[in-house]
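Below is one structure; the comments refer to it alone.
The values are calculated or read from the model by the stated rules, or taken from the named source; none is laboratory data. Note that the structure is a prediction, hence the values are computed from the model and not measured. Cβ sites come from the backbone with ideal geometry, for glycine too, and all protein chains shown count toward neighbours. Note: accessible area is taken over every heavy atom of the protein model, side chains too, but ligands, DNA and RNA are not part of it. Shrake-Rupley method; radii C 1.70, N 1.55, O 1.52, S 1.80 Å.
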Amino acid sequence: MDSTQKRYKREVFQKTLRVQLGRLARRFPATSLISASYIFYALAMLIVPFVSNIWLLLIPSTIFGIGLGIGFPTIQTVLADLAPREYLATFISVNGTFYGLGQTLGPLLMGYAFGFGGISSVFYAATGFAVLIFFVFRYCTCR
(Lines give C-alpha, C1' and ligand atoms only; values in the text may rest on other atoms or scores of the structure.)
Protein backbone atom coordinates (compact mmCIF):
# COMPACT_ATOMS: atom_id res chain seq x y z
CA MET A 1 0.00 0.00 0.00
CA ASP A 2 1.54 3.31 -1.03
CA SER A 3 1.40 6.56 0.90
CA THR A 4 -1.49 7.99 -1.17
CA GLN A 5 -3.71 5.03 -0.32
CA LYS A 6 -2.79 5.27 3.35
CA ARG A 7 -3.55 8.98 3.41
CA TYR A 8 -6.91 8.42 1.68
CA LYS A 9 -7.90 5.69 4.16
CA ARG A 10 -6.84 7.87 7.10
CA GLU A 11 -8.87 10.82 5.81
CA VAL A 12 -11.98 8.67 5.29
CA PHE A 13 -11.58 7.23 8.80
CA GLN A 14 -11.11 10.70 10.36
CA LYS A 15 -14.12 12.16 8.54
CA THR A 16 -16.27 9.25 9.68
CA LEU A 17 -15.19 9.77 13.27
CA ARG A 18 -15.83 13.52 13.07
CA VAL A 19 -19.41 12.89 12.00
CA GLN A 20 -19.89 10.56 14.99
CA LEU A 21 -18.32 13.10 17.37
CA GLY A 22 -20.71 15.73 16.02
CA ARG A 23 -23.63 13.47 16.86
CA LEU A 24 -22.25 12.98 20.39
CA ALA A 25 -21.80 16.74 20.79
CA ARG A 26 -25.43 17.38 19.83
CA ARG A 27 -26.70 14.64 22.14
CA PHE A 28 -24.65 15.25 25.30
CA PRO A 29 -23.44 18.43 27.04
CA ALA A 30 -19.78 19.34 26.57
CA THR A 31 -19.02 18.88 30.26
CA SER A 32 -20.22 15.28 30.12
CA LEU A 33 -18.09 14.56 27.06
CA ILE A 34 -14.99 16.05 28.68
CA SER A 35 -15.64 14.08 31.87
CA ALA A 36 -16.08 10.89 29.85
CA SER A 37 -12.78 11.53 28.08
CA TYR A 38 -10.95 11.51 31.43
CA ILE A 39 -12.60 8.21 32.31
CA PHE A 40 -11.32 6.80 29.01
CA TYR A 41 -7.83 8.10 29.83
CA ALA A 42 -7.91 6.51 33.29
CA LEU A 43 -9.18 3.18 31.95
CA ALA A 44 -6.49 3.07 29.28
CA MET A 45 -3.69 3.87 31.74
CA LEU A 46 -5.01 1.30 34.20
CA ILE A 47 -4.94 -1.45 31.57
CA VAL A 48 -1.37 -0.86 30.35
CA PRO A 49 0.49 -2.55 33.27
CA PHE A 50 -1.48 -5.75 32.64
CA VAL A 51 -0.71 -5.99 28.93
CA SER A 52 1.30 -9.12 28.20
CA ASN A 53 2.32 -8.56 24.57
CA ILE A 54 2.70 -5.78 22.06
CA TRP A 55 -0.51 -6.60 20.18
CA LEU A 56 -2.64 -6.29 23.29
CA LEU A 57 -1.23 -2.79 23.72
CA LEU A 58 -3.59 -1.81 20.90
CA ILE A 59 -6.52 -2.07 23.33
CA PRO A 60 -5.46 0.68 25.78
CA SER A 61 -4.05 2.71 22.89
CA THR A 62 -7.44 2.65 21.20
CA ILE A 63 -9.25 3.51 24.43
CA PHE A 64 -6.85 6.41 25.03
CA GLY A 65 -7.35 7.58 21.44
CA ILE A 66 -11.12 7.54 21.89
CA GLY A 67 -10.75 9.67 25.02
CA LEU A 68 -8.45 12.07 23.23
CA GLY A 69 -10.76 12.22 20.21
CA ILE A 70 -13.71 13.09 22.43
CA GLY A 71 -11.96 15.43 24.86
CA PHE A 72 -9.63 17.58 22.80
CA PRO A 73 -12.11 18.89 20.19
CA THR A 74 -14.75 19.38 22.86
CA ILE A 75 -12.40 21.46 25.00
CA GLN A 76 -11.46 23.56 21.96
CA THR A 77 -15.15 24.10 21.17
CA VAL A 78 -15.96 25.11 24.75
CA LEU A 79 -13.06 27.57 24.74
CA ALA A 80 -14.22 29.04 21.45
CA ASP A 81 -17.74 29.44 22.82
CA LEU A 82 -16.60 31.02 26.10
CA ALA A 83 -14.07 33.44 24.64
CA PRO A 84 -15.14 36.89 23.49
CA ARG A 85 -14.59 37.12 19.74
CA GLU A 86 -11.78 39.69 20.05
CA TYR A 87 -9.87 37.48 22.51
CA LEU A 88 -10.43 34.12 20.81
CA ALA A 89 -6.85 33.85 19.56
CA THR A 90 -5.55 34.63 23.03
CA PHE A 91 -7.74 31.95 24.63
CA ILE A 92 -6.66 29.32 22.12
CA SER A 93 -2.97 30.23 22.45
CA VAL A 94 -3.09 30.13 26.26
CA ASN A 95 -4.76 26.72 26.01
CA GLY A 96 -1.94 25.59 23.71
CA THR A 97 0.63 26.93 26.15
CA PHE A 98 -0.85 24.93 29.03
CA TYR A 99 -1.10 21.88 26.80
CA GLY A 100 2.61 22.21 26.01
CA LEU A 101 3.38 22.79 29.69
CA GLY A 102 1.60 19.53 30.48
CA GLN A 103 3.64 17.73 27.82
CA THR A 104 6.80 19.13 29.41
CA LEU A 105 5.93 18.48 33.06
CA GLY A 106 4.25 15.11 32.50
CA PRO A 107 7.45 13.17 31.85
CA LEU A 108 9.13 14.90 34.79
CA LEU A 109 6.33 13.94 37.20
CA MET A 110 6.11 10.43 35.81
CA GLY A 111 9.87 10.13 36.24
CA TYR A 112 9.33 10.57 39.97
CA ALA A 113 6.63 7.90 39.88
CA PHE A 114 9.05 5.60 38.06
CA GLY A 115 11.66 6.24 40.72
CA PHE A 116 9.24 5.28 43.49
CA GLY A 117 7.76 2.11 42.05
CA GLY A 118 8.95 1.17 38.59
CA ILE A 119 7.25 1.32 35.25
CA SER A 120 3.83 0.10 36.47
CA SER A 121 3.65 2.96 38.97
CA VAL A 122 3.87 5.42 36.07
CA PHE A 123 0.61 4.12 34.66
CA TYR A 124 -1.04 3.94 38.08
CA ALA A 125 -0.01 7.55 38.74
CA ALA A 126 -1.41 8.58 35.34
CA THR A 127 -4.65 6.81 36.26
CA GLY A 128 -4.73 8.73 39.53
CA PHE A 129 -4.18 12.05 37.76
CA ALA A 130 -6.94 11.30 35.25
CA VAL A 131 -9.40 10.38 38.02
CA LEU A 132 -8.39 13.48 40.02
CA ILE A 133 -8.91 15.73 37.00
CA PHE A 134 -12.25 14.03 36.34
CA PHE A 135 -13.48 14.91 39.83
CA VAL A 136 -12.03 18.43 39.75
CA PHE A 137 -13.63 19.10 36.39
CA ARG A 138 -16.91 17.45 37.34
CA TYR A 139 -17.43 19.16 40.68
CA CYS A 140 -15.24 22.29 40.75
CA THR A 141 -16.11 24.10 37.55
CA CYS A 142 -18.68 26.70 36.70
CA ARG A 143 -21.65 25.51 34.72
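For every residue, the table says whether it meets (1) open to solvent by less than 70 Å² (accessible area, probe 1.4 Å); (2) at pLDDT 85 or above; (3) not hydrophobic (A, V, I, L, M, F, W, C).
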site: T4; (1), (2), (3): no, no, yes
site: Y8; (1), (2), (3): no, no, yes
site: L33; (1), (2), (3): yes, yes, no
site: L43; (1), (2), (3): no, yes, no
site: V48; (1), (2), (3): yes, yes, no
site: W55; (1), (2), (3): no, yes, no
site: L58; (1), (2), (3): no, yes, no
site: P73; (1), (2), (3): yes, no, yes
site: A80; (1), (2), (3): yes, no, no
>> Being assigned to a helix (DSSP H, G or I) and over 18 Å from the mean Cα position of the chain (by Cα) is the requirement here; does P60 meet it?
In response: no
> Which residues, taken from region 84-140, are surrounded by 10 or more Cβ atoms within 10 Å (Cβ to Cβ) and either among the basic types (K, R) or not in a helix (DSSP H, G or I) (or both)?
Replying inline: G118, R138
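Condition check ((1) hydrophobic (A, V, I, L, M, F, W, C); (2) without any contact (Cβ under 8 Å) to a residue 60 or more places away in the chain; (3) under 22 Å from F40 (Cα atoms)) across all residues:
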{"position": "S61", "(1), (2), (3)": "no, yes, yes"}
{"position": "R85", "(1), (2), (3)": "no, yes, no"}
{"position": "F116", "(1), (2), (3)": "yes, yes, no"}
{"position": "T127", "(1), (2), (3)": "no, no, yes"}
